[in-house]
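Undergrad: What follows is a structure written as structure tokens; I'll ask about it next.
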There are 2 protein chains.
Amino acid sequence: MSRRREILRRAAEVFDRQGVANTSIEDIAKAVGIKREGVYYYFKSRGDILLEVILPSSTTLLMNMKGVMRGNMSSMEKLHGAIQTHLNAFNPTYLEMSVALREEHFFRNDAKLSELRRVWDEYSQLWIELVEEGQEKGEFKKNINAKMSAFAYIGMCNWLARWYDPAKDVPIPELIETYFTLASSGIGINE
Amino acid sequence: MSRRREILRRAAEVFDRQGVANTSIEDIAKAVGIKREGVYYYFKSRGDILLEVILPSSTTLLMNMKGVMRGNMSSMEKLHGAIQTHLNAFNPTYLEMSVALREEHFFRNDAKLSELRRVWDEYSQLWIELVEEGQEKGEFKKNINAKMSAFAYIGMCNWLARWYDPAKDVPIPELIETYFTLASSGIGINE
């Protein structure tokens with residue numbers, strides 16, 4: 001791992017553990033085992049580090065969701081693909097996703113956030129289109145607001161950042177199937 | 001509104017707008033239109049204010065959920081009641097709920113959080129029991145992990161803190177029915 005990547009990795013861990021607001025460059029340097037100057041050699045500020053910790057996993061998620069939407073599949077299969085894509089983002093980049101989903105506030109009045117917000121807006125829009133497409137094709141219930149449904153599913157998946165512990169909870173592949181079942185046919189037994 | 005309640009109300013607004021980490025007692029005093037000392041007369045610290053902003057709505061939510069679970073209803077009706085209870089918590093105390101759901105980090109190493117964490121743990125446990133009860137009664141799908149489902153629904157509801165704007169989005173009563181439909185029978189058209 002390059003020094004640069006190591007700083008980002010340790011920063012993600014420290015951000016996850018104590019929150020960005022309570023983290024100093026000094027804390028990150030300590031976690032890497034180097035001096036503050038060693039961090040400043042690569043990054044101008046804590047905000048720059050944060051953005052680089054969280055933007056790549058969000059951008060990858062958006063790219064993969066675009067792939068799902070372009071696929072030649074039924075809307076139900078796309079729903080499965082979208083849940084899979086989203087939950088898989090927690091697999092290798094669990095810490096980065098968790099930090100991303102908790103720390104948007106930190107950037108609230110920061111121009112840097114605009115890039116991150118653009119990615120998440122575009123991503124949400126694709127989910128809304130997925131629901132609308134399924135409604136038009138007659139695969140999804142029509143009497144349901146597409147935006148509300150899209151955010152229900154995004155929320156269901158994103159909430160993992162708050163409770164999911166890869167060491168203690170069920171593996172992601174199992175979670176993908178469970179969440180797809182809940183999203184597609186609900187918890188009730190349909191007769 | 002008493003001065004004490006006014007401080008809590010304005011604090012919720014400021015916390016919601018700029019995040020707790022970026023809020024000083026001075027900011028809260030300014031929002032109320034009084035001096036810092038006027039805030040300190042009622043509260044010892046920003047943490048005390050935060051706890052009092054978020055604990056009451058969480059405690060009410062827990063109490064109402066206990067009421068739902070004690071009810072003499074089918075599990076499906078309890079699921080409706082639980083979603084109703086949860087989303088209604090956003091109705092009068094929208095700001096407080098939003099702050100509660102974003103700022104748990106702030107208290108992470110703080111003894112004060114233990115009270116809040118206890119409330120949310122007990123609340124989550126009731127949701128898990130709701131799912132298990134429905135599975136035992138044969139109303140809910142059995143091949144689904146109860147904890148994963150419970151957190152799916154809690155996440156779906158809690159995510160409102162991130163996107164819901166009472167001035168722009170559909171009213172809460174409509175959202176309750178939409179989310180109940182999604183939770184009980186999914187988005188697919190069941191034939």
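Undergrad: So residue A:147 fits all but one of (1) touching a residue at least 24 places away in the same chain (Cβ under 8 Å); (2) within 23 Å of the chain's Cα centre (by Cα); what number is the exception?
TA: Checking residue A:147 against (1) touching a residue at least 24 places away in the same chain (Cβ under 8 Å); (2) within 23 Å of the chain's Cα centre (by Cα), the one that fails is (1).
Undergrad: Based on what the data block shows, is residue A:177 charged (D, E, K, R), more than 8 Å from every other protein chain (Cβ to nearest Cβ) and free of Cβ contacts under 8 Å to residues at least 60 places away in the same chain?
TA: The answer is yes for residue A:177.
Undergrad: Another question, if that's okay. Being at pLDDT below 90, closer than 26 Å to residue B:171 by Cβ, in a helix (DSSP H, G or I) and within 14 Å of chain A (Cβ to nearest Cβ) narrows it down to one of B:97, B:76, so name that one.
TA: Only one candidate qualifies: B:97.
Undergrad: If a residue has to be facing chain B (nearest Cβ under 8 Å) and farther than 17 Å from residue A:133 by Cβ to count, how many in the range A:143-163 make the cut?
TA: 8
Undergrad: Follow-up. Being surrounded by fewer than 19 Cβ atoms within 10 Å (Cβ to Cβ), among the basic types (Lys, Arg), assigned by TED's automatic domain parsing to the domain that holds residue A:150 and in a helix (DSSP H, G or I): is that true of residue A:66 here?
TA: Yes, satisfied.
Undergrad: Determine which single condition residue A:159 fails, assuming it passes every other condition in (1) surrounded by fewer than 22 Cβ atoms within 10 Å (Cβ to Cβ); (2) at pLDDT 95 or above.
TA: Of everything listed in (1) surrounded by fewer than 22 Cβ atoms within 10 Å (Cβ to Cβ); (2) at pLDDT 95 or above, residue A:159 misses just condition (2).
Undergrad: Regarding residue A:90, is this residue among the aromatic types (Phe, Trp, Tyr), at the interface with chain B (Cβ under 8 Å from one of its Cβ atoms) and over 23 Å from residue B:132 (Cβ atoms)?
TA: Taking the combined requirement at face value, the residue does not satisfy it.
Undergrad: Let me ask something else. Of the residues A:47, A:33, A:71, only one is free of Cβ contacts under 8 Å to residues at least 60 places away in the same chain and either surrounded by 15 or more Cβ atoms within 10 Å (Cβ to Cβ) or within 29 Å of residue A:137 (Cβ to Cβ) (or both); which?
TA: Being free of Cβ contacts under 8 Å to residues at least 60 places away in the same chain and either surrounded by 15 or more Cβ atoms within 10 Å (Cβ to Cβ) or within 29 Å of residue A:137 (Cβ to Cβ) (or both) holds for just one of A:47, A:33, A:71, which is A:71.
Undergrad: Only one of these is more than 29 Å from residue B:120 (Cα to Cα) and more than 9 Å from every other protein chain (Cβ to nearest Cβ): A:137, A:168. Name it.
TA: Selected residue: A:137, the only one of A:137, A:168 that is more than 29 Å from residue B:120 (Cα to Cα) and more than 9 Å from every other protein chain (Cβ to nearest Cβ).
Undergrad: Right, here's the next one. Restricting to the range A:117-132, and then to whatever is under 22 Å from residue B:183 (Cβ atoms), without any contact (Cβ under 8 Å) to a residue 60 or more places away in the chain and more than 12 Å from the chain's Cα centre (by Cα), can you tell me which residue is nearest to the other protein chains (Cβ to nearest Cβ)?
TA: Out of the qualifying residues, it is A:131.
Undergrad: Same structure again: Of all residues in the range A:79-94, how many are part of a helix (DSSP H, G or I) and closer than 18 Å to residue A:153 by Cβ?
TA: Result for the range A:79-94: 10.
The values are calculated or read from the model by the stated rules, or taken from the named source; none is laboratory data. Note that the structure is predicted; figures quoted are calculated from it, not measured. Quick reminder, even Gly has a Cβ in these numbers, built from the backbone with ideal geometry, and neighbours come from all protein chains shown.
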